[in-house]
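Only one structure is covered here, and it is reproduced in the block below.
The values are calculated or read from the model by the stated rules, or taken from the named source; none is laboratory data. Note that the coordinates shown come from a computational prediction; the quantities given were computed from them, not determined experimentally. Every residue, glycine among them, receives a Cβ derived from its backbone with ideal geometry; neighbour counts consider all protein chains shown. Protein only, heavy atoms only, side chains kept; ligands, DNA and RNA dropped before computing areas. Shrake-Rupley method; radii C 1.70, N 1.55, O 1.52, S 1.80 Å.
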Amino acid sequence: MKFNGKTYAAKEINDAIKAAGGDATLKEVLGERFIACGLKSGVVTIEGTPGNALGAYLDGAEIRVRGNGQDAVGDTMNDGKIVVFGSVGDTLGYAMRGGKIFVRDNVGYRAGVHIKEYGEKKPVIVIGGRAGCFLGEYMAGGLILVLNKENVKDPIDDYTGVGMYGGKILVRAHLLDTLLPKQIKCKRVEGQELAEFTPYIKEYAEEFGAEFAALTKGDFYLLTPDSSNPYKRLYTNN
Amino acid sequence: MIDFNVAPFEVVRDYDKCVNCRVCERQCSNEVHHYEEGFGKMISDSTKCVDCQRCVCLCPTKALKIVPNQNSFRPNANWQQKYLTEIYKQAESGGVLLSSMGNPEPFPVYFDKILINASQVTNPSIDPLREPMETRVFLGAKPQTLQRDEKGNIVTKLPPRLKLSMPVMFSAMSYGSISYNAHAALARAAEKLGIYYNTGEGGLHKDFYKYSANTVVQVASGRFGVHKDYLESGAAIEIKIGQGAKPGIGGHLPGAKIVGDVSKTRMIPEGSDAVSPAPHHDIYSIEDLRQLVYSIKEATEYKKPVIVKIAAVHNVAAIASGIARSGADIIAIDGFRGGTGAAPTRIRDNVGIPIELALGSVDQRLREENIRDNVSLVVAGSIRCSSDVVKAICLGADAVYIGSAALVSMGCHLCRTCNLGKCNWGIATQRPDLVKRLNPDLAAERLINMLTGWNHEIQEMMGGMGINSIEALRGNRLMLRGVGLNERELQVLGIKHAGEV
């Protein structure tokens, strides 16, 4: 499906993708929203810039974006994979509960807010560059990796993990001096501890043709919440 | 530390009637009663009593009653006993006061100051036992213009709607805040009655997918249990922005209640808290709301109406006006008396506005802007009886949600301690021994009985007004008169005072 500068309603695009059995290539995409919403199978390749809520409620399909994404990529995603060959806007993977998202470059504010895990279902977000404020806010499970491929000083920003009560955030950085909320435990990853995360780093390297060795070099910090019941003491029965 | 508090209730036992059968002891999860071997009689610890009336109802000899504790602090019209008690509690714990169910404070109940009309002489009333009386309603957007295809035929394809046999639905109560058996009862009753129940934001237990034709599934900020199959499994999808009992703040199910199937249904680990914060962090504007509405519609192929639920707050009319333009099909508005499984006391008792005033102003605003038919209005918090339903419809509602009334029909006595998780009636608890006290078949039957009665009463009142279709009652403010209301209140409600023609 080639857009040629024409605008299509989200429903037309999604109907065309479904008619093609889930496998489709969309060319010259320019801000069309809700692409591949809830899609269960197939591979959708997008050239251009898809609009907000790309792959919302995604349920098993794969989306490959040859360009940048906008806001709410993978909102409430349940299963499948999203690969973005560029950067994305705010609220990446809001309330995601399964599947994997790989972003080659940077992500905006509030990535991975509310992501949660249960049993086998464990969402993973891999960010190649850096992340904006409120990364992993209210995070209840799952894994976020910030690989900091450009080796910047602050790969994460203020309020990372605020309200977090489950899951893990792994950040590659020389020294983590970002202001972190006090309920977040920050610990340097030692020796073999990185092994748990290397499969995802490897997958990132393979997806984007990056050098695995360079991405695992240097220090890593692991952020986890210090309690899964953060609000227990706040209340008095009346 | 000395406990400054006194028991709010007193357990009174008539020892002439008590036969030491110990039913009260077995029934009380708060461990108020016990048999004292030495004395050879039952002893009660009133300090633990929450006045749920379970022991009173089950005592075979009717030997028990629970009365307000007559012990009194020195009376003070300003410093009422409750304020002292609450200070003592906070001075001990440093915590935020947590309460349950709707606002119990003596604010005006506008439904009680509104009266319904009836026909005399000039326009005959209708006997609902003899003549057809229509209480069926459809919820959803209503097209404002006729459309014709190329051949000139009228296009009859309508936006997705909900069909209700009567203008009442069960409002959102999550599996977690109430028990499996309570949910089962609501689902079965909704199916039998031809209405809908609402999952709340805790996801949908796999056993209840079979009731999907009568289910409204909820999507809240935490998005617990939300996935494509869940969205597909509802007849409608409700985006929860706010709740009448706690406008502006979020939901929080403590880890202690995230056990077994609740954990599985919400899809979070056992013992972990479930936090739904106040805002959806991807909705900061009506445009953002529109995006969520349409992402849901895309995911469900425009087959299901989308409800947006908000709490009644000061500028509710302007907010509703925005929602009516967001693509939502139904707006649900929850008044400040709406129930809850747990809310901070100060919020519950002081935030929000009465549903009657919110409804009056929203309906008038949407009509003025000519967008009333973009959406249906469903109101809640609190609808206690069939005349409340009739008054709400006359004030502009298409239907109402009932929560507390539904729980009361199942046995709830509004003891307002849902937050303790030890509900003796098996409703607001996850403790298996307590949950099994609620028989879902009997509870469903009680729900059906109550609403069947309400429906008869609604028909009687409609017939009395000479109206045979609920559609003709909607927004029919001429059928209402206020008593003891001032000019401004009447204006907001859009009704005249009793005695005015």
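Leaving out ligands, DNA and RNA, and with a 1.4 Å probe, what % of the accessible surface on the protein assembly as shown is carbon or sulfur?
C and S fraction of accessible area: 51 percent.
Please report, in whole Å³, the volume per residue of the convex hull around the C-alpha atoms of chain A.
132
As I understand it, the dipole of the stretch A:1-85 uses +1 on the Cβ of Lys and Arg and -1 on the Cβ of Asp and Glu, about the Cα centre. Which of A:Ala20, A:Asn52, A:Gly69 lies farthest toward its positive end?
Value: A:Ala20.
Once R0 is set to 25 Å, what does the formula 1/(1 + (r/R0)^6) return for the Cβ-Cβ distance between A:Lys185 and B:Asn350, expressed as a FRET efficiency to the nearest 0.05?
E between A:Lys185 and B:Asn350, to the nearest 0.05, is 0.10.
How large is the dipole of the protein assembly as shown about the Cα centre if only Lys and Arg carry +1 and Asp and Glu carry -1, each at its Cβ, rounded to the nearest 20 debye?
Charge dipole, the protein assembly as shown, about its Cα centre: 660 debye, nearest 20.
For the stretch A:114-155 and the stretch A:59-108, what is the centre-to-centre distance using only Cα atoms, to the nearest Å?
When both Cα centres are located, 12 Å separates them.
Could you work out the equivalent-ellipsoid semi-axes for the stretch B:270-384, taking the square root of 5 times each eigenvalue of the Cα gyration tensor, largest first, in whole Å?
The three semi-axes for the stretch B:270-384 are 23, 21, 12 Å.
Kindly express, to the nearest 10 degrees and within the range 0 to 90, the angle between helix B:286-299's C-alpha long axis and the longest C-alpha principal axis of chain B.
Long axis of B:286-299 versus the principal axis of chain B: about 90 degrees.
Going toward the positive end of the dipole of the stretch B:164-497, with +1 on Lys and Arg Cβ and -1 on Asp and Glu Cβ, which of B:Asn476, B:Ala220, B:Ser376 do you reach last?
Of the candidates, B:Ala220 comes out farthest on the positive side.
What number does chain B give for Rg over Rh if you use C-alpha atoms and the Kirkwood radius?
Ratio of gyration radius to Kirkwood radius: 0.99.
When ranked by the protection proxy of mean other Cβ atoms within 10 Å per residue, highest first, what sequence do the peptides B:474-487, B:4-17 form?
Packing proxy ranking, top to bottom: B:474-487, B:4-17.
Counting residues in the protein assembly as shown as N, plug N into 2.2 N^0.38 Å and put the Cα Rg over that result.
Taking N as the residue count of the protein assembly as shown, the ratio is 1.04.
In nm, to one decimal, how far is the modelled label at B:Val19 from the one at B:Glu270, with both set 7 Å along Cα→Cβ?
It works out to 4.1 nm between the two label points.
By a straight-distance test (C-alpha under 14 Å), which aspartates and glutamates pair with B:Lys157 as possible cross-link partners, with residues fewer than eight away in the same chain excluded?
Leaving aside aspartates and glutamates fewer than 8 places away in the same chain, those within reach of B:Lys157 are B:Asp149.
Extending each Cα 7 Å along its Cβ direction at A:Glu28 and B:Thr122, get the distance between those two points in nm, one decimal.
The answer from the label model is 6.9 nm.
Over 32 Å between Cα atoms, which of A:Lys185/B:Lys436; B:Lys264/B:Lys391; B:Lys206/B:Lys303; A:Lys182/B:Lys309; B:Lys89/B:Lys257; A:Lys100/B:Lys304 qualify? Working shown, then result.
Details: A:Lys185/B:Lys436 41 Å; B:Lys264/B:Lys391 41 Å; B:Lys206/B:Lys303 22 Å; A:Lys182/B:Lys309 34 Å; B:Lys89/B:Lys257 23 Å; A:Lys100/B:Lys304 29 Å.
Pairs exceeding 32 Å: A:Lys185/B:Lys436; B:Lys264/B:Lys391; A:Lys182/B:Lys309.
Quick one: divide the alpha-carbon radius of gyration of the stretch B:9-95 by 2.2 N^0.38 Å and tell me what you get.
Computed over Cα atoms of the stretch B:9-95, the ratio equals 1.31.
At a probe of 1.4 Å, how much accessible area disappears from chains B and A on forming the pair, both sides counted, to the nearest 100 Å²? Write down the numbers at each step before the final one.
Values: alone 23100 and 11400 Å², together 30600 Å².
Using a 1.4 Å probe, the pair buries roughly 3900 Å².
GNM on chain A, C-alpha springs below 10 Å: top fluctuator among A:Gly74, A:Gly31, A:Gly191?
Largest GNM mean-square fluctuation: A:Gly191.
Which FRET efficiency, nearest 0.05, do B:Asp3 and B:Glu37 yield, Cβ-Cβ r, R0 22 Å?
Working: r = 27 Å, r/R0 = 1.22.
Calculated value: 0.25.
Sort out for me the Cα centre separation of the stretch B:151-199 from the stretch B:8-24, rounded to whole Å.
Result: 43 Å between the Cα centres.
First measure r as the distance between the Cβ atoms of B:Glu500 and B:Thr47, then evaluate 1/(1 + (r/R0)^6) with R0 = 41 Å and state the FRET efficiency to the nearest 0.05.
The pair B:Glu500/B:Thr47 has a calculated efficiency of 0.20.
Place +1 on the Cβ of every Lys and Arg and -1 on the Cβ of every Asp and Glu in the stretch B:164-497, take the dipole about the Cα centre, and give the residue among B:Gly466, B:Val316, B:Phe336 whose Cα lies farthest towards its positive end.
About the Cα centre, the residue reaching furthest to the positive side is B:Phe336.
Can you give the accessible area per residue of the stretch B:164-497, in Å², using a 1.4 Å probe?
31
Excluding residues on the same chain fewer than 8 positions from B:Lys82, give the aspartates and glutamates whose Cα lies under 18 Å from its Cα.
Within the straight-line limit of under 18 Å, B:Lys82 reaches these aspartates and glutamates: B:Asp3, B:Glu10, B:Asp51, B:Glu92, B:Glu105, B:Asp349.
For B:Lys17, list the lysines whose Cα falls under 19 Å from its own Cα; do not include residues on the same chain fewer than 8 positions away.
In chain and number order, the partners are B:Lys41, B:Lys62, B:Lys65.
How many angstrom lie between the Cα centre of the stretch A:185-205 and the Cα centre of the stretch B:277-314?
Spelled out, the Cα-based centre of one part sits 37 Å from the other.
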